[in-house]
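Everything below concerns the one structure shown next.
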Amino acid sequence: MDVKNHWENVYTTKAPDQVSWYRRHLETSLALIQRATPAHEASIIDVGGGESTLVDDLLLRGYKNLTVLDVSQTAIEVTKKRLGSAAEQVHWLVGDIVEIELEPQAYDVWHDRAVFHFLTTPERRVAYVRQVTRAVKPGGHVIVSTFGPEGPTRCSGLDVMRYDAGSLHDEFGRRFRLVESSKELHPTPFGATQQFLYCYCQLD
Ligand SMILES: C[S@@+](CC[C@H](N)C(=O)[O-])C[C@H]1O[C@@H](n2cnc3c(N)ncnc32)[C@H](O)[C@@H]1O
């Protein structure tokens, strides 16, 4: 099954709170974004936003220039429906982050929780990093969260990569200055815990 079909299948068969990555609020992401840029005009993209409530919380805090991208049209539609008329304030993109054409130097903040770790080939990882480097403004902020070294080896039936701050930073390279990293134990809705890593970098 290709990437798009896999995720469409997930989101057409599971309720938003019945997936392992579900959290009522993405508190750590939200705090890092607010720290990266308190300016409400900042252009922020949530890559692989899925059905998460991060966009709701960013709108509530006054952020006005938000883009949510996901490979699943279904996930985007669920999120739009939840937001109601507020969805009109958000830019929506459906596509594979490795392949989609993004506007150059468009974003002040790039956020990804639990997408990069699904890129299991060096070619797709290199394409992702090229995409970030092109789409984020010089001096912009890059927040990427993956499974940590003690995180699961599979998620949603797919193999994943696990990273510590050093190995994740190595994938991105020297143009990305590591500002901060932290680990979090995420309680899944099914009673397990998963180790996540958050890395916050600034682009040269
Ligand atoms: C584990 S979920 C995380 C969702 C959300 N970021 C969160 O933390 O709740 C991974 C998300 O990335 C999306 N995704 C997976 N591979 C992708 C790709 N190559 N391009 C864009 N989106 C992708 C999936 O559809 C899914 O919504």
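The values are calculated or read from the model by the stated rules, or taken from the named source; none is laboratory data. Owing to the predicted nature of the structure, the values given are computational and were not obtained by experimental measurement. FYI the Cβ positions are ideal-geometry reconstructions off the backbone, even for glycines, and counts take in every protein chain you see. Accessible surface is based on the protein model in full, side chains and every heavy atom, while ligands, DNA and RNA are left aside. Shrake-Rupley method; radii C 1.70, N 1.55, O 1.52, S 1.80 Å.
Only residues that are charged (D, E, K, R) and in contact (Cβ under 8 Å) with a residue 24 or more places away in the chain: list them for region 133-173, please.
Answer for region 133-173, where residues must be charged (D, E, K, R) and in contact (Cβ under 8 Å) with a residue 24 or more places away in the chain: ARG134, LYS137, GLU150, ASP159, ARG162, ASP164, GLU171.
Given GLU99, GLU88, GLU51, GLU27, which one is under 25 Å from ARG134 (Cβ atoms), modelled with pLDDT of 95 or more and acidic (Asp, Glu)?
Checking each option against the conditions leaves just GLU99.
Condition first: among the acidic types (Asp, Glu) and either buried (at least 17 other Cβ atoms within 10 Å of the Cβ) or near the ligand (Cβ under 10 Å from one of its atoms) (or both). Can you find one or more residues in region 116-135 that meet it?
No, region 116-135 has no match at all.
Out of all the residues in region 36-47, is one or more within 11 Å of the ligand (Cβ to nearest atom) and open to solvent by 30 Å² or more (accessible area, probe 1.4 Å)?
No, every residue in region 36-47 fails to be within 11 Å of the ligand (Cβ to nearest atom) and open to solvent by 30 Å² or more (accessible area, probe 1.4 Å).
Quick one: in region 138-168, which of the residues that are among the polar types (S, T, N, Q) and surrounded by 23 or more Cβ atoms within 10 Å (Cβ to Cβ) is nearest to the ligand (Cβ to nearest atom)?
SER145
Return yes or no: is VAL71 farther than 19 Å from SER156 by Cβ and within 11 Å of the ligand (Cβ to nearest atom)?
No, not satisfied.
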